[in-house]
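**Q** Got a structure here, written out as structure tokens. Questions coming.
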Amino acid sequence: MKSDFFKYQAQTSPHPLAIEISKAKGSYIYDINGKKYLDFVAGVSANSLGHNHPKVSEAIKNQVDSYSHVMVYGEFIQKPQVDLCKILASTLPKNLQSVYITNSGTEATEGALKLAKRVTNRSEIIAAKNSYHGNTQGAMSVSGVERQNAAFRPLIPGIKFINFNCDFCLQKITNKTAAVILETIQGGAGFIESQNNYLAKVKQRCKEVGALLILDEIQTGIGRTGKFWGFENYNVIPDIIITGKGLGGGMPIGAFIASFEHMSLLKDNPKLGHISTFAGHPVIAAAAFATVTEILEQNLTSESLRKEKIIRKHLQHSAIKEIRGKGLMLAAIVETPELAAKIIHKCLEKGLILFFLLFEGRAMRITPPLTISDEELILGCSILIESIEELT
């Protein structure tokens, strides 16, 4: 299978981890030889409830038995879609009650950008340097790392970049600006948190000039940072939310969320202002509804803060310079990218899955399932510390 993987399947990097997967359950992934790996990555923050969660699996099977795809998104009334939109609205302020389900986070970014232009009749978008919002052309246009974008230019015009956490830069937001798009916590840049009420200051500046604030909650949302939505940690309410990853419990989904008044602009002048064939796929929506329901009912949101304390307690070593992030969205930072890569591969040998961040080579991603047990967390930390000891 490995030779066919490299021969027939398009590759995304020169050196994939290339574990041959047999099955996955709970916090573990198993290869074809029966070796099990403790998963500290959760499909890059996507498997909120771990692997093959019984309630998610049951929701998928039940929906498959009822119906699968029946019509382009937004035309037929389908219970899984309605249920998902309603439960998401229940977690949000009253200005964020209209949900447009998409196939992925990057497609949600595209929809949010279109909506901002439609609402404001402006075209300028301001984004942050070292940001990442997805890999379609529109999402790349507002992602602020040129080495990722250079080979694919020209991208969408009218994009300006500011430094994250820079108050002085806010003057670049003017009455020409349609929207500012920011990650609530910068992900690829190294899990950089907002400081000194920065996000609230951005929102206030947007309000002054008539621009919208889009917060990318693709990683920070759905309970990962100790609140159901990451922005709840930072004294701000955005105009548009983007979500994805953990929303589907391992299934492919995204959504952008705004007020009913704003979202309604996409359905007329022109009609079909934003359309998608498979968005809100009923099987995926059923999985997402089961995921959100379980997170809320089991109080996994606040559990992520308690589990963060366990990680910080057991992950102490002189080689770890700092641990960034909040809840179960953490990154352990070491001295060099070379050391981080060696540790990640050593941990893999020992049965622990860690991963890289896009733009911060010194970081090791720690984003386990929200359902991971205390014992599994302690075990993973011990493997990580043991690996560091062997390499330093």
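**Q** Please work through the chain and write down the cysteines that have no neighbouring cysteine Cβ at a distance under 4.7 Å.
**A** Among the cysteines of the chain, those whose Cβ sits 4.7 Å or more from every other are 85, 206, 347, 381.
**Q** List the lysines whose Cα lies under 27 Å from the Cα of residue 55, skipping any in the same chain that are fewer than 8 positions away.
**A** Residue 55 reaches 23, 25, 35, 36, 79, 86, 227, 245, 307, 326.
**Q** Let me ask you something else. Quick check: convex hull over the Cα atoms of region 143-243, volume per residue in Å³, rounded to an integer?
**A** Once divided by residue count, the hull of region 143-243 is 104 Å³.
**Q** Along the charge dipole of the chain, which of 166, 12, 383 sits closest to the positive end, that is, farthest toward it, with unit charges on the beta carbon of Lys, Arg, Asp and Glu (+1, +1, -1, -1)?
**A** 166
**Q** Select from 283, 334, 64 the residue whose mean-square fluctuation is largest in a Gaussian network model of the chain (Cα-Cα springs shorter than 10 Å).
**A** 64
**Q** Only sites in a loop by DSSP and with at most 14 other Cβ atoms within 10 Å count here; which GluC sites (Glu not before Pro) in region 1-79 make the cut?
**A** Filter output for region 1-79: 20, 75.
**Q** Can you work out the accessible area per residue across region 34-108, with the rest of the protein chains kept in place, probe 1.4 Å, in square angstrom?
**A** Result: 48 Å² per residue.
**Q** Another question about this same structure. Test of understanding: what is the full-extension gain from residue 114 to residue 174, defined as 0.36 nm times their sequence separation minus their Cα-Cα distance?
**A** Between residue 114 and residue 174, full extension yields 19.7 nm more.
**Q** What does the extension gain come out to for residue 87 and residue 61, with contour length at 0.36 nm per residue minus their alpha carbon separation?
**A** 7.3 nm
**Q** Would you mind estimating how fast region 245-392 diffuses translationally, via Stokes-Einstein at 10 °C and 1.306 mPa s with the Kirkwood radius over Cα pairs, in µm²/s?
**A** Once the numbers are plugged in, D ends up at 89 µm²/s.
**Q** For labels at residue 392 and residue 31 in the simple 7 Å Cα→Cβ model, what's the distance in nm?
**A** Computed distance between label sites residue 392 and residue 31 equals 2.6 nm.
**Q** OK, next. Just to be sure I follow: if Rg is taken over the C-alpha atoms of region 1-120 and Rh is the Kirkwood radius over the same atoms, what is Rg/Rh?
**A** 1.04
**Q** Count neighbours as other Cβ atoms within 10 Å of each site's Cβ, and list the GluC sites (Glu not before Pro) in region 333-378 that are DSSP loop with at most 14 such neighbours.
**A** 335
**Q** What distance in nm separates the simple spin-label points at residue 305 and residue 151, each placed 7 Å from Cα in the Cβ direction?
**A** Using points 7 Å along Cα→Cβ, the separation is 4.3 nm.
**Q** Something else: With springs only between Cα atoms under 10 Å apart, run a GNM on the chain and tell me which of 116, 59, 290 wobbles the most.
**A** 59
**Q** To the nearest 20 debye, what is the magnitude of the charge dipole of region 263-320 about its Cα centre, counting +1 on the Cβ of each Lys and Arg and -1 on the Cβ of each Asp and Glu?
**A** The calculation lands at about 260 debye.
**Q** Note down the Stokes-Einstein diffusion coefficient of the chain in µm²/s, whole number, using a Kirkwood radius over alpha carbon pairs, 4 °C, and 1.567 mPa s.
**A** Estimated diffusion coefficient is 60 µm²/s.
**Q** How long is the gain from residue 163 to residue 268 if the chain were fully straight, where each residue apart is worth 0.36 nm and the alpha carbon distance is subtracted?
**A** That works out to 34.2 nm of additional length.
**Q** When the accessible area of the chain is split by element with a 1.4 Å probe, what percent falls to carbon and sulfur?
**A** With neighbouring chains kept in place, the figure for the chain is 53 percent.
**Q** Further question on the same structure: Using 17 Å as the cut-off for backbone N distance, which residues of region 33-57 belong to the label zone defined by a point 7 Å from the Cα of residue 18 along Cα→Cβ?
**A** Correct set: 33.
**Q** Follow-up. Considering only 218, 180, 45, whose Cα is most displaced toward the positive end of the charge dipole of the chain, charges sitting on Cβ of Lys, Arg (+1) and Asp, Glu (-1)?
**A** 180
**Q** Continuing with this model, one more query. Would you mind telling me which residue in 346, 35, 245 has the biggest mean-square fluctuation in a Gaussian network model of the chain, where springs connect alpha carbons within a distance under 10 angstrom?
**A** Looking only at 346, 35, 245, the biggest GNM fluctuation is shown by 35.
The values are calculated or read from the model by the stated rules, or taken from the named source; none is laboratory data. All values reported here derive from a predicted model rather than from experimental measurement. All Cβ positions, glycine included, derive from the backbone under ideal geometry; neighbour counts span all protein chains shown. Surface areas here come from the heavy atoms of the whole protein model, side chains and all, with no ligands, DNA or RNA. Shrake-Rupley method; radii C 1.70, N 1.55, O 1.52, S 1.80 Å.
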